[in-house]
1. Among (i) 12.2, 38; (ii) 11.6, 36; (iii) 19.1, 64, which is the computed Rg and Dmax of the Cα atoms in Å?
2. Of all accessible surface on segment 26-82 at a 1.4 Å probe, what whole percent is carbon and sulfur?
3. Per residue, how large is the accessible surface of the chain? Use a 1.4 angstrom probe and give square angstrom.
Amino acid sequence: MTSEVRRPLLNIPGDEAGRGVRVDLMTDGQVRVRVLPSGPDLWAETLEEAAALAGMLSGVSPAALEQLSWELDLMALRGGDG
């Protein structure tokens, strides 16, 4: 992937149970979920797809995955009207 970051969306730190995640919207419209600090990366077409696939990443803190789900749900509730 050669796309650049258009907008960083979330940066969720890890804890003693595992690593954190970062979510970025890329210039080509894809969503990148990166396991902190340096990968691996997961690529998705939508935020919903990214959230569903993020649970498949090994080594990520369960609390970070829960916060990721909560944050993405909050974004969905807010929508584009705010």
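The values are calculated or read from the model by the stated rules, or taken from the named source; none is laboratory data. Small disclaimer: the values here were computed from a predicted structure and weren't measured. Ligands, DNA and RNA are excluded from the accessible area calculation, which covers all protein heavy atoms including side chains. Shrake-Rupley method; radii C 1.70, N 1.55, O 1.52, S 1.80 Å.
1. (i)
2. 54 percent
3. Value for the chain: 63 Å² per residue.
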